[in-house]
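The values are calculated or read from the model by the stated rules, or taken from the named source; none is laboratory data. Just so it is clear, the structure is predicted and the values come from calculations on it, not from any experiment. Quick reminder, even Gly has a Cβ in these numbers, built from the backbone with ideal geometry, and neighbours come from all protein chains shown. SASA here: full protein model, heavy atoms, side chains in, ligands and nucleic acids out. Shrake-Rupley method; radii C 1.70, N 1.55, O 1.52, S 1.80 Å.
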Amino acid sequence: MSKLIHNAPLALAAAVLLAAGGANAQTVKIKIADSFPVGHYLPKYFTMPMIERLKANPAAKGYEFEYYPAEQLGKAKDLLALTQSGVVDIAYVAPGFVSDKMPLSVVAELPLEFTGSCMATMAYWNLAKPGGTLSKKEFEPNGVRLLFTIVLPPYQVVTRKPFATLKEVEGMKIRASGSAKELLLKKMKAVPVLMPTPEVYESLSRGTIDGVLFPFNSLPPYDIHKLSKAGTIGENFGTFVANWVISEKRFQSLPPAVQQELTTMGEQFTKSVCLQVEKDEAGDIEKVKAAGVKLTPLPAADKATLSTLSLEVAKDWADTLDKRGKSGTEILNAFRAGLK
């Protein structure tokens, strides 16, 4: 009896440890990853509010949310594969970086007739959200579900040296992100250089590239404007789609209330963030000007040339996908209809 009494504290301690271990075992980690630098506006508007709302949801009790920015878990081009494999649960996936896997989603990056962010964002969202045409053609086959998206404001040409016409851009090495902008640059007789955004600053500072296609919102976060001398304003050289996806397997494992919360946030954030980005653009333009970058609209003749080249790019893009049996024209027409 004395032996049992003597070991009672040990037994109690073991029981406490086992209980604690059981509690820890029930904690499920949700890993969220992107390639953006700390403080970037898109995680600020999408990722952080998502995490806070999920933490506050009683149905998410037992879930722990870990956020990995700045390519800590993998390069931007690898985040889709990492989500598919389960290394990452929710990730920023840009179709422009995985156009071999999501070629149709590049439709929103074409230099079409739209201004701002929301017009293109909502046209793309209605095609790509769960149940939409793009969801069935690209997201579901890749085993992922779209949570939020934004189509950034139209990209501008921004260079290390002054220019005033498209003729002066010919031969310049211009960073592009994705096949749509690559096609346009080739038609402009510039040299497209495909590279992930985190590599742009160093390449521009070394003179490896002469300029970039960037939206004004993304110049200050990467300090690109500090290395630049000139840029266009009010033009459309294409744009960029930023998606946040979750693996379908992980989504289905979540409690129904958490699934519903993510679905609700998808609609809310997609609509609200594009409006915020449009509001931010004016301030970002002033930051770029303050850094000494001369922003000038193209001459009328160049505007007409750019419009013609843009139509050619859209047709070439659609024709190429049609030949591969990928419904390029169908998606292009559906996206254009959504812009109206």
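Quick check: is even one residue across segment 331-340 within 20 Å of residue 120 (Cβ to Cβ) and at pLDDT below 95? Step through it out loud before you land on a result.
Keep residues of segment 331-340 that are within 20 Å of residue 120 (Cβ to Cβ), which gives 331-340.
Now narrow it down to the ones that are at pLDDT below 95: 340.
Yes: one or more hits.
Screening segment 246-305 for residues that are more than 30 Å from residue 88 (Cβ to Cβ) and assigned to a strand (DSSP E or B) and picking the one that is least open to solvent (accessible area, probe 1.4 Å) gives 295.
Close Cβ contacts (under 8 Å, 6 or more residues apart or on different chains) running from residues in segment 122-135 that are in contact (Cβ under 8 Å) with a residue 60 or more places away in the chain to residues that are of a type in the set (A, V, I, L, M, F, W, C) and part of a loop (DSSP other than H, G, I, E, B) comprise 123/114. Residue 245: within 19 Å of residue 35 (Cα to Cα) and hydrophobic (A, V, I, L, M, F, W, C), yes or no? Against the criterion (within 19 Å of residue 35 (Cα to Cα) and hydrophobic (A, V, I, L, M, F, W, C)), residue 245 qualifies.
Touching a Leu at 6+ places or on another chain (Cβ under 6 Å) and hydrophobic (A, V, I, L, M, F, W, C), is that true of residue 277? It would help to see each step written out before you state the result.
Details: touching a Leu at 6+ places or on another chain (Cβ under 6 Å): no; hydrophobic (A, V, I, L, M, F, W, C): yes.
So residue 277 fails the test.
Per the listing 157, 106, 144, the residue uniquely crowded, with 17+ Cβ neighbours inside 10 Å, more than 26 Å from residue 185 (Cα to Cα) and touching a strand residue (DSSP E or B) at 6+ places or on another chain (Cβ under 9 Å) is 144. Here is the figure for segment 40-72: residues that are crowded, with 16+ Cβ neighbours inside 10 Å and in contact with a Lys or Arg (Cβ under 7 Å, 6 or more places away or on another chain) total 1.
For (1) modelled with pLDDT under 95; (2) in contact with a His (Cβ under 6 Å, 6 or more places away or on another chain); (3) of a type in the set (D, E, K, R), each residue gets a yes or a no:
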site: 3; (1), (2), (3): yes, no, yes
site: 8; (1), (2), (3): yes, no, no
site: 15; (1), (2), (3): yes, no, no
site: 18; (1), (2), (3): yes, no, no
site: 23; (1), (2), (3): yes, no, no
site: 51; (1), (2), (3): no, no, no
site: 57; (1), (2), (3): no, no, no
site: 64; (1), (2), (3): no, no, yes
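Here are some residues: 290, 318. Which one is in contact with a helix residue (DSSP H, G or I) (Cβ under 8 Å, 6 or more places away or on another chain) and without any contact (Cβ under 8 Å) to a residue 40 or more places away in the chain?
Numbers: 290 fails: in contact with a helix residue (DSSP H, G or I) (Cβ under 8 Å, 6 or more places away or on another chain).
Within the list 290, 318, the selection yields 318.
Any idea which residue in segment 160-185 is modelled with the highest pLDDT, counting only those that are buried (at least 23 other Cβ atoms within 10 Å of the Cβ) and in a loop (DSSP other than H, G, I, E, B)? Only one residue tops the list, namely 177. Within the set of pairs 6+ apart or on separate chains, which have a first residue in segment 86-111 that is at positive phi, a second that is open to solvent by 10 Å² or more (accessible area, probe 1.4 Å), and C-beta atoms under 7 Å apart? Taking only residues 6 or more apart or on different chains, the pairs are 86/247.
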